[in-house]
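> Please read through the structure below; I'll follow up with questions.
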Amino acid sequence: MRKYLRKFAEMIAPTAYERLRRLSVLDADGGNTTDILLRYEQQVHDLSAQLDELRRENRRVVELYDLLFDRLHNENPLREAPRA
């Protein structure tokens, strides 16, 4: 009977059935659906924090690059001195 119900569910709502099947596999690995969702929420929070840190570092690199470019442009020792 389960076999027929699975085939029927897979035929009627394949996407929902696939998601439920994945959740049941995760549930068997340790934890109920709430625990799994809480873990995913924590992972999303951690990834968001890492992304913010990468953005800050990128901003610092851009600021240093701009500073270096301006300094080389204004104080270039290879540039000829203006003639009087």
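> Roughly to the nearest percent, how much of the accessible area of the chain is carbon and sulfur, given a 1.4 Å probe?
Ligands and nucleic acids excluded, carbon and sulfur reach 58 percent.
> Can you work out the FRET efficiency for the pair Arg60 and Glu80, with r the C-beta to C-beta distance and R0 = 41 Å, to the nearest 0.05?
Efficiency for this residue pair is about 0.75.
> If R₀ is 22 angstrom, what is the calculated FRET efficiency for the pair Leu67 and Val44, using the beta carbon separation as r and rounding to 0.05?
0.05
> What number, rounded to the nearest 500 deg cm²/dmol, is the helix-based mean residue ellipticity at 222 nm of the chain, given -39500 (n - 2.57) per DSSP H run of at least four residues and division by all its residues?
It comes out at -29000 deg cm²/dmol, rounded to the nearest 500.
> Here's another thing I want to ask about it. Give the label of the value calculated from the structure for Kirkwood radius over Cα pairs in Å, choosing from [x] 18.6; [y] 12.6; [z] 13.1.
[x]
The values are calculated or read from the model by the stated rules, or taken from the named source; none is laboratory data. Since this is a predicted model, take the numbers as computed values, not measurements. Ideal geometry is used to build each Cβ from the backbone, glycine not excepted, and the neighbour counts take in all protein chains shown. With ligands, DNA and RNA removed, areas are computed over all heavy atoms of the protein, side chains included. Shrake-Rupley method; radii C 1.70, N 1.55, O 1.52, S 1.80 Å.
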